[in-house]
1. Find the residue count for the range 200-259, including only residues that are closer than 30 Å to ARG152 by Cβ and among the hydroxyl-bearing types (Ser, Thr, Tyr).
2. Of all the residues that make up the range 226-249, how many are open to solvent by 20 Å² or more (accessible area, probe 1.4 Å) and in contact with a Leu (Cβ under 7 Å, 6 or more places away or on another chain)?
3. Kindly indicate whether GLY28 is more than 30 Å from LEU141 (Cβ to Cβ), open to solvent by less than 20 Å² (accessible area, probe 1.4 Å) and touching a residue at least 12 places away in the same chain (Cβ under 8 Å).
4. Which of the numbered conditions does ARG41 fail, given that it passes all the others? Conditions: (1) assigned to a loop (DSSP other than H, G, I, E, B); (2) out of contact with any Ser or Thr (no Cβ under 7 Å at 6 or more places or on another chain); (3) crowded, with 16+ Cβ neighbours inside 10 Å; (4) of a type outside the set (Asp, Glu).
5. Keeping to the range 117-153, report how many residues are modelled with pLDDT of 95 or more, over 17 Å from GLY68 (Cβ atoms) and surrounded by 18 or more Cβ atoms within 10 Å (Cβ to Cβ).
6. Checking HIS92 against (1) in contact (Cβ under 8 Å) with a residue 12 or more places away in the chain; (2) under 24 Å from ILE230 (Cα atoms); (3) in contact with a Pro (Cβ under 6 Å, 6 or more places away or on another chain); (4) open to solvent by 30 Å² or more (accessible area, probe 1.4 Å), which single condition isn't satisfied?
7. In the set ALA252, ALA196, ALA248, which member is touching a residue at least 60 places away in the same chain (Cβ under 8 Å) and outside any loop (DSSP other than H, G, I, E, B)?
8. Considering the range 100-138 alone, what residues qualify as being in contact (Cβ under 8 Å) with a residue 24 or more places away in the chain, closer than 25 Å to ASP172 by Cβ and assigned to a loop (DSSP other than H, G, I, E, B)?
Amino acid sequence: MTYLDANATEPVRPEARAAVLAALDLTGNPSSVHAAGRAARRVLEDARETIAGRFGGRPADLVFTSGGTEADALAIHALGQGRRLIVGATEHDAVRAAAPGAAILPVDRSGVADLAALEALLAEGPALVSLMLANNETGTLQPVAEAAALCRAAGALLHVDAVQAAGRVGVDFAGLGAASMALSSHKLGGPAGAGALLLSPEASARLRPLIVGGGQERGRRGGTPPLPAIAGFAAAALAASPGDALAALRDAIMQAAIAGGAVPIA
């Protein structure tokens, strides 16, 4: 069988599987100060550095979550306080559910956000905008860097859902100029159950937890971290490479679909 549903979840990469198994042999809690806890903490912080570095963020500004849905919700909860919410018309349900009543940013027939409409919406007052980098249904890539520039000029913040883009196209959080960016392990060949929210230094300073607990993640997200899933996430992030061998298969499928009557987006 040829598996073609990677936008729902990717098969676990061998590197991720090996990292998960190695982490399962550790018995310490990363919050404990004894030797076993410190060993687990090293794995956690190594993973934080790996993922942040892979996607253009700072380790100190990365918060581990249970997945992309929680990362989106945390960003909207924390950064949307006192701001109007604006979400793209084709955003994932995780974003739309976390931002009920948000203004909708229209898209064109190819699913690309209307930046002129965004500029007009931003003129109405302080806002948090959420825009996905790559659409999970169509693959459309959004002009996120351009949207971020408009947001900065208007004193607004931009959250980016990069769950479908990470590991498939080049993703540089710092280069995008956004306030926050969501990632998910299982979308790039890691295990389910781990995700991350990358933050700009300014957004990191104002982040307030959605889940409170024992002070984990520097008080920004409570709960004992799932160390095996996070270790697998980091290994998958390193192993995933845009433009890999699947590109030829993708192109062949696309041409077959067009020959069967599908209409390609611009």
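The values are calculated or read from the model by the stated rules, or taken from the named source; none is laboratory data. Keep in mind the model is a prediction, meaning the values are calculated, not measured. Don't worry about glycine lacking a Cβ; one is built from the backbone with ideal geometry, like all the others, and counts go over all protein chains shown. Calculation scope for accessible area: heavy atoms of the full protein, side chains included, ligands and nucleic acids excluded. Shrake-Rupley method; radii C 1.70, N 1.55, O 1.52, S 1.80 Å.
1. Matching residues across the range 200-259 total 2.
2. Number of matching residues: 1.
3. Numbers: more than 30 Å from LEU141 (Cβ to Cβ): yes; open to solvent by less than 20 Å² (accessible area, probe 1.4 Å): yes; touching a residue at least 12 places away in the same chain (Cβ under 8 Å): yes.
Against the criterion (more than 30 Å from LEU141 (Cβ to Cβ), open to solvent by less than 20 Å² (accessible area, probe 1.4 Å) and touching a residue at least 12 places away in the same chain (Cβ under 8 Å)), GLY28 qualifies.
4. Going through (1) assigned to a loop (DSSP other than H, G, I, E, B); (2) out of contact with any Ser or Thr (no Cβ under 7 Å at 6 or more places or on another chain); (3) crowded, with 16+ Cβ neighbours inside 10 Å; (4) of a type outside the set (Asp, Glu) one by one, ARG41 breaks only (1).
5. So the answer is 10.
6. (3)
7. From the options ALA252, ALA196, ALA248, the qualifying one is ALA196.
8. Those that are in contact (Cβ under 8 Å) with a residue 24 or more places away in the chain, closer than 25 Å to ASP172 by Cβ and assigned to a loop (DSSP other than H, G, I, E, B): SER110, GLY111, VAL112, LEU133, ASN135, ASN136, GLU137, THR138.
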